[in-house]
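Heads up: the structure comes next, in structure tokens.
What follows is calculated from the coordinates using simple rules that are stated; it is not laboratory data. What you are looking at is a predicted structure, and each value in this text was computed from that prediction instead of being measured. Quick reminder, even Gly has a Cβ in these numbers, built from the backbone with ideal geometry, and neighbours come from all protein chains shown.
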Amino acid sequence: MPIQAPLPDFCTDPGETFTWPQPLTELPLVAVNFDPEALRDEDFARTGIAMPANLQRAVAKRKAEYLAGRLCAREALQQAIGVGAIPGTGEDRAPQWPAGSVGSITHSDGRAAAIVGQASRYASVGLDMEWVMADERAVKLAGQILTDGERKRFARALEERPGECITLAFSLKESLFKALYPLTLKRFYFEHAEVLEWQEPGLARLRLLTDLSDQWRNGQELDAQFLHRDGQLLSLIAVARS
């Protein structure tokens, strides 16, 4: 959904809409394009968003990613719970969502997005956006991203289109982390989860390979969704309230 309020010059609303293969109710997603070179420090004050202390000396790219992501989050919060608040930042640098909401923010080279849901309907959500890697780079990173099981399971896809295959696995696992970290407060890495399957038009399934909490244990499986958009992959995991 497009942002309604005027935006600084560095950040433009592309007016895109996103339709997941299995639409999720009351889970608005807001996305913008942004240009770090056009960012001015006063854009923070103009939008009513404070620049965190750890960004004071950061490069323009980091500042632009933060501000664009928070602008998306504020609009998504307004749409989801009727409160246009700005998520804080915890000591672990994870977004701190207002009471009654859950959400996730992502950015990737000139694009940012946020998704928010009501805490009464969703326990957590994880959203990730990635530009599809070039095949050569993806192959070099495969050992860091894929398990042995995934290499065997997706051998044909890895041979035919390694960039897309490895980027998708990367993005799905990033979404999984963003969805489960707020629920467990335990970090885990690419080797601690595996993609079991994916299929067009954008459905996937993952399995945990480690214990994170009493509720989230080794072997537990979760459904995910993904979209292709202009050379990018967008993945989502939404943990519904039981």
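Three principal axis extents describe the C-alpha atoms of the stretch 1-121; from largest down they are 39, 31, 22 Å. For the options ALA38, ALA224, ALA64, a Gaussian network treatment of the chain with springs between C-alpha atoms closer than 10 Å singles out ALA38 as fluctuating the most. Overall dimensions of the stretch 70-150, expressed as equivalent-ellipsoid semi-axes from the Cα gyration tensor (√(5λ), whole Å, largest first), are 31, 15, 11.
Under 25 °C and 0.890 mPa s, how fast does the stretch 125-169 diffuse according to Stokes-Einstein, given a Kirkwood radius computed over C-alpha pairs? Answer in µm²/s, whole number. Calculated translational D: 229 µm²/s. Geometric descriptor of the stretch 187-237, per residue, is 83 Å³ (volume of the convex hull of the Cα atoms).
Compactness of the stretch 66-107 was expressed as the Cα radius of gyration divided by 2.2 N^0.38 Å, which yields 1.04. Scanning the chain for GluC sites (Glu not before Pro) in DSSP loops with at most 15 neighbouring Cβ atoms within 10 Å leaves 92-242 as the longest stretch between them.
Checking every one of the chymotrypsin sites (Phe, Trp or Tyr not before Pro) in the stretch 152-242 against DSSP loop status and a limit of 13 other Cβ atoms within 10 Å picks out TYR189.
Beta carbons within 10 angstrom, averaged per residue: use that to sort the peptides 76-85, 92-101, highest first. List each step's numbers first, then the result.
Values: 76-85: 18.3, 92-101: 14.7.
Highest-to-lowest ranking by the protection proxy: 76-85, 92-101.
Partner lysines whose Cα lies under 20 Å from the Cα of LYS186, excluding those fewer than 8 positions away in the same chain, are identified as LYS173, LYS178. When Rg and Dmax are taken over the Cα atoms of the stretch 22-82, they come to 13.4, 42 Å. Membrane-span-like helices of the chain, defined as complete DSSP H segments with a Cα extent of 20 Å or more along the helix axis and a mean Kyte hydropathy of at least 0.0, are identified as 162-184.
Quick one: divide the alpha-carbon radius of gyration of the stretch 108-190 by 2.2 N^0.38 Å and tell me what you get. Please report the intermediate quantities before stating the final value.
On the way: Rg = 14.6 Å, N = 83, 2.2 N^0.38 = 11.8 Å.
After normalising by residue count via 2.2 N^0.38 Å, the value is 1.24.
Restricted to Cα atoms, the stretch 84-225 shows a radius of gyration and a Dmax of 15.7, 46 angstrom.
Dividing the radius of gyration of the alpha carbons in the chain by their Kirkwood radius gives 0.96 for Rg/Rh.
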